[in-house]
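See below for the structure under consideration.
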Amino acid sequence: MPQTRNQQIINRLTKSIVLIGMMGSGKTTLGRALATALELDFKDTDKIIEEKAGRPTAEIFTEYGEEKFRKAEMNTIADLLDSRKIQVIATGGGAILNEQTRQRIKTHSLSIWLNADIDTLYNRVSKNQTRPLLQTDDPKQTLQDLMEARIQFYEQAHLHFKLDHGSMNAALGDLLEQLAGFLAE
Ligand code: S3P
């Protein structure tokens, strides 16, 4: 019997999948769905950091500063990748700012950049006020500025996945298809 596409992906996957991309690109939602489809564990680095600190990201930023958050982010990603367990990992949008993290992701994972346009990102992030970096007078412009500064790092991902305006299910199907093609090469 021919193997199903998802089974083929599972058989060929030798490293964790790490999702990178801007706030609002759907790393958590799509990541969780991807993990379910591939019967892998799902990890969200923001959530791990928040659980360890016992407080939400916004409070970590105000009480300890962004630098402390970035350090916790780097250590969390290092622990997950060092474990060598194959899983799906959603990272915070700024994780790739850290050079060691970038290096680790490059070497020890299959990274996927979830790329969405600014309007889509802004529509998603404006639904809640939890992102400390967007507490500015013009959050859409801030988002644009962050994207411009970070795109050089997102582009380093092994796989680029462009999100269109379709449903989550359609996006998951397209992503699995792209992933299967990438692993078959
Ligand atoms: C950040 C993105 C957030 C969170 C923190 C900083 C960023 O995660 O890590 O607020 O620098 O882009 P999401 O990308 O999951 O929103």
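Among Arg32, Arg12, Arg150, the residue with the largest mean-square fluctuation in a Gaussian network model of the chain, with springs joining Cα atoms closer than 10 Å, is Arg12. Under the definition of Cα pairs under 8 Å and six or more residues apart, what whole-number percent is the relative contact order of the chain? Relative contact order comes out at 34 percent.
A quarter of the convex hull surface defined by the alpha-carbon atoms of the range 1-44 gives 3.4 nm² as the mean projection. Of the complete DSSP H runs in the chain, those spanning 20 angstrom or more by Cα along the long axis with a mean Kyte-Doolittle score not below 0.0 are 168-184. Averaging Cα coordinates gives a centre for the range 138-172 and one for the range 7-56; these two points are 16 Å apart. If the reach is capped at under 12 angstrom between alpha carbons, list the aspartates and glutamates near Lys106, excluding any in the same chain fewer than eight residues apart. Partners within reach: Glu155.
Near the amide H of Ala90, within less than 5 Å, lie the amide hydrogens of Leu19, Lys43, Asp44, Thr45, all on another chain or at least 5 residues away, with H placed in the peptide plane.
When the dipole is taken about the Cα centre of the chain, and only Lys, Arg (+1) and Asp, Glu (-1) are charged at their Cβ, what size is it in debye, to the nearest 20?
Taking the Cα centre of the chain as origin, the dipole is about 540 debye.
Give me the orientation-averaged projected area of the Cα convex hull of the chain, in nm², one decimal.
10.6
Our helix-only sum for the chain, with -39,500 (n - 2.57) per DSSP H run of n ≥ 4 divided by its residues, gives a mean residue ellipticity at 222 nm of -17500 deg cm²/dmol. Among Val88, Val125, Val18, which one shows the biggest mean-square fluctuation in a GNM of the chain, springs joining Cα atoms closer than 10 Å? The residue with the greatest mean-square fluctuation here is Val125. Each pair of Cα atoms in the range 130-171 enters the Kirkwood radius, and Stokes-Einstein at 25 °C and 0.890 mPa s then converts it into a translational diffusion coefficient of 195 µm²/s. In this structure, the residue pairs whose Cα-Cα separation is over 22 Å, taken from Lys15/Lys127; Lys68/Lys162; Lys68/Lys140; Lys140/Lys162, are Lys15/Lys127; Lys68/Lys162; Lys68/Lys140.
Charged neighbours of Leu133, selected by a Cβ distance under 11 Å, balance to -1 (K, R count +1; D, E count -1).
In debye to the nearest 20, how big a dipole does the range 87-180 give about its Cα centre with +1 on each Lys and Arg Cβ and -1 on each Asp and Glu Cβ?
360
Within the range 61-126, the ratio Rg/Rh, alpha carbon atoms throughout and Rh by Kirkwood, equals 1.01. Between Ile17, Ile96, Ile118, the GNM of the chain built on Cα springs shorter than 10 angstrom shows Ile118 fluctuating the most. Ignoring aspartates and glutamates fewer than eight residues from Lys52 along the same chain, the ones with Cα atoms less than 12 angstrom from its Cα are Glu73. What percent do you get for the relative contact order of the range 50-128 when only Cα pairs under 8 Å and 6+ apart count? In percent, rounded to a whole number, it is 21.
Coordinate-derived values only; no laboratory data. For clarity, every value in this text was computed on a predicted model and none was experimentally measured. When we count neighbours, we look across all protein chains shown, and the Cβ atoms used for this are built from the backbone with ideal geometry, even at glycine.
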